[in-house]
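What follows is a short report on a single structure.
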Amino acid sequence: MNFSQIGIQRLLRISSGLVIAGLLLEIVSLVWFHPLSFVLFAFIAATLIGLGILVYLVSLVFAASPSTQSRQ
Amino acid sequence: MIGILICQIVLSIVLASVFLIRPSLTSATGWKIVAFIGLCVLPALCIVGGMNTHVQRSEQTRFCVSCHVMIPYGQSLYVDDPKHIPAQHFQNHRVSADMACYSCHADYTIYGPLNDKLQGLKRIYMQYVSTPPDPAAIRIPGGFKNAQCLHCHVGARNFEENPVHAAMMDSLKSNQLSCLSSGCHDTAHDIENLSHEKFWKPVQ
């Protein structure tokens with residue numbers, strides 16, 4: 001996948017969406033007192049938040065790297 | 001504690017929502033910093049806080065007995081008979097009533113809490129994916145270790161000065177002689193016979 005085609009703003013939107021979804025699930029897992037709430041948190045919420053952070057960091061790398069045109 | 005964590009999560013959601021609606025804001029330096037906090041720092045802190053809260057919650061007696069197979073074990077804490085070791089410890093607050101299961105069943109080693117969580121996940125798998133075990137057939141892998149009793153009792157005067165304990169202290173510490181299965185303190189949860197027992201009703 002070519003990140004330059006996707007664009008930083010789209011990456012930020014994906015990152016925000018993942019983080020928001022993960023955080024909402026984390027709230028559900030904290031309010032829900034059930035053995036499965038830990039599974040919901042550890043395997044779904046934390047994964048979504050982690051992916052959101054990762055996508056954000058990828059967008060930072062993409063934003064920091066000079067484009068081919070500016071180098072020429 | 002959960003309240004603070006939820007406030008932090010809500011703040012993080014609000015910040016992330018800003019960048020979901022208007023990602024173009026990050027072209028300004030100030031907003032770049034806000035984006036870093038909202039999309040990286042706060043969510044990472046929320047994961048750490050959430051994990052900590054869930055681990056602390058899983059140490060509560062209420063949490064342990066929220067599993068169907070553990071319900072009779074929870075009931076056995078109210079047996080009105082001092083020979084029942086878990087009931088005697090729970091009712092006389094020899095262990096914290098809120099952490100009764102964890103106090104005696106925690107693996108007090110460096111990776112103990114991690115092992116406990118893995119065991120818990122295994123039980124969740126058995127409950128929802130594999131075949132749920134019969135509560136009476138549940139056994140601790142490797143048996144109940146003396147270290148779990150000695151964690152509190154070693155150093156206690158009434159334990160150390162007891163001539164029976166003193167005579168076999170080395171065997172107890174090396175786990176050669178089991179506190180529970182060598183015939184001395186052999187009535188643990190005994191859930192097969194719960195229906196014949198009288199139960200203690202705590203004063204509300």
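The values are calculated or read from the model by the stated rules, or taken from the named source; none is laboratory data. Keep in mind the model is a prediction, meaning the values are calculated, not measured. Here the Cβ is made from the backbone with ideal geometry for all residues, glycine too, and neighbour counts use every protein chain on show.
In table form, for the structure just shown:
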{"item": "Test: residue in the stretch B:114-130 that is more than 14 Å from every other protein chain (Cβ to nearest Cβ) and either under 17 Å from the mean Cα position of the chain (by Cα) or farther than 30 Å from A:A45 by Cβ (or both)", "result": "yes"}
{"item": "Residue under evaluation B:S195, criteria (1) within 23 Å of B:Q91 (Cα to Cα); (2) surrounded by 14 or more Cβ atoms within 10 Å (Cβ to Cβ), criterion not met", "result": "(2)"}
{"item": "Residues (more than 7 Å from every other protein chain (Cβ to nearest Cβ) and under 14 Å from B:I9 (Cα atoms)) located in the stretch A:30-44", "result": "A:V31"}
{"item": "Residues of the stretch B:1-57 satisfying the condition of being under 27 Å from B:G112 (Cα atoms) and among the basic types (K, R)", "result": "B:R57"}
{"item": "Matching entry among B:I21, B:I9, B:I33 (being more than 9 Å from every other protein chain (Cβ to nearest Cβ) and modelled with pLDDT of 90 or more)", "result": "B:I33"}
{"item": "Test: residue in the stretch B:148-170 that is more than 14 Å from every other protein chain (Cβ to nearest Cβ), buried (at least 16 other Cβ atoms within 10 Å of the Cβ), in a loop (DSSP other than H, G, I, E, B) and of a type outside the set (S, T, N, Q)", "result": "no"}
{"item": "Number of the condition not met by B:G183 [criteria: (1) among the small types (G, A, S); (2) in a loop (DSSP other than H, G, I, E, B); (3) closer than 20 Å to B:A106 by Cα]", "result": "(3)"}
{"item": "Among residues of the stretch B:42-82, those that are hydrophobic (A, V, I, L, M, F, W, C) and under 15 Å from A:G22 (Cβ atoms), counted", "result": "7"}
{"item": "Any chance B:I33 is surrounded by fewer than 16 Cβ atoms within 10 Å (Cβ to Cβ) and more than 22 Å from B:H151 (Cβ to Cβ)", "result": "yes"}
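Yes/no per residue for (1) part of a loop (DSSP other than H, G, I, E, B); (2) of a type in the set (V, I, T):
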| site | (1), (2) |
| --- | --- |
| B:S66 | yes, no |
| B:M70 | no, no |
| B:Y73 | no, no |
| B:L77 | no, no |
| B:V95 | yes, yes |
| B:C101 | no, no |
| B:I110 | yes, yes |
